[in-house]
1. Run the dipole for the chain about the Cα centre, Lys and Arg Cβ at +1, Asp and Glu Cβ at -1, nothing else charged, and hand back the magnitude in debye, nearest 20.
2. Considering only Cα-Cα distances, which of the following residue pairs are longer than 26 Å: 25/226; 58/212; 94/212; 109/207; 226/252?
3. Per DSSP H run of n ≥ 4, the term is -39500 (n - 2.57); total these for the chain, divide by its residue number, and report the mean residue ellipticity at 222 nm rounded to 500 deg cm²/dmol.
4. Most fluctuating residue of 126, 106, 62 in a GNM of the chain with Cα springs under 10 Å: which is it?
5. Please give the contour-minus-distance gain from residue 110 to residue 207: 0.36 nm per residue of separation, less the Cα-Cα distance, rounded to one decimal in nm.
6. What residues from the stretch 211-249 fall in the zone where the backbone N is under 11 Å from a label point 7 Å along the Cα-to-C-beta line of residue 186?
7. Calculated FRET efficiency, residue 159 and residue 24, Cβ-Cβ r, R0 41 Å, to nearest 0.05?
8. Roughly how many Å is it from the Cα centre of the stretch 1-19 to that of the stretch 45-59, as a whole number?
Amino acid sequence: MSSFVKQSKARHQQPIIYNVCNYAKAPEGQPTLLTWDEVTTMFHEFGHALHGMLSDCKYNTLSGTAVARDFVEMPSQFNESFATIPEVFNHFAKHVKTGESMPDTLRNKIMSAMNYHSAYALGENLAASSVDMAWTTLPENEVPSADKADDFERQALAKVGLLDAQIPPRYSTSYFNHVWGGGYAAGYYSYLWTEVLADNIADCFAKRGALKREVGQAFRQQVLSKGNTEDLMQTFTRFTGLKSPDTSALLKARGL
Ligand SMILES: [Zn+2]
């Protein structure tokens, strides 16, 4: 997702937002079909697109997705949850020849396979986030020499109980591209953090009726339209009623 024009009332600009989908083209004469991963990626990017399209801010520099890194993946990760709602799923998951919706037994198999190796995925992510945080909170005079970098990483992981040969960090010090060159320094945790926010929002939708128009409207007005014009924790609290994010929602969503 990106934008040609960002929404701005001061400039009388309507947003022009786009999604680019790089899907493999089917062989001649055959329809192009999407994998489950591609479907959820499309829902993800469309969540970013909605954040951009439904913005209602004065300044383009604060509108749409111009929010903090540990909030920006919330609307997109939350939007992925719609792909699994049976009514929505049955709307797009049709047999290519008969047009029939996928049988429930097959759909349930896909849903239960989603959390395969879930604990491993969470462990390697937490470990990488911890390594990032350990390096970026290190005082300058304590930075070890390059040959001691591996020792430092092992100590940092042991300190938080994540030193485990069975679940190594997803990214290690010597190849952590996000942190050293990607601008994520002390920010790699944001993937997991936004997932907590997204799961809390999805739970709210589920409780109030995920497919009800007024629930979607409230999310649009109270969250998506605001861009970066207010304290984002207030935004979260106003919509969910939660004083702070509830991490148990992430464990439940990941089947842990
Ligand atoms: Zn994203």
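1. Magnitude of the dipole: close to 1060 debye.
2. Going by Cα-Cα distance, 25/226; 58/212; 226/252 fall outside the 26 Å limit.
3. Numbers: 11 runs with 125 residues, N = 256.
Per the formula, -15000 deg cm²/dmol.
4. Comparing 126, 106, 62 in a Gaussian network model of the chain, the most mobile one is 106.
5. Values: separation 97, 0.36 × 97 = 34.92 nm, distance 2.33 nm.
Contour length minus Cα-Cα distance gives 32.6 nm.
6. none
7. Numbers: r = 44 Å, r/R0 = 1.07.
It comes to 0.40.
8. Measuring centre to centre over Cα atoms gives 8 Å.
The values are calculated or read from the model by the stated rules, or taken from the named source; none is laboratory data. Keep in mind that what you see is a predicted model, and the values were worked out from it rather than measured. Virtual Cβ from ideal backbone geometry, glycine too; neighbours counted across all protein chains shown. Side chains included, ligands, DNA and RNA excluded: accessible areas come from the protein's heavy atoms. Shrake-Rupley method; radii C 1.70, N 1.55, O 1.52, S 1.80 Å.
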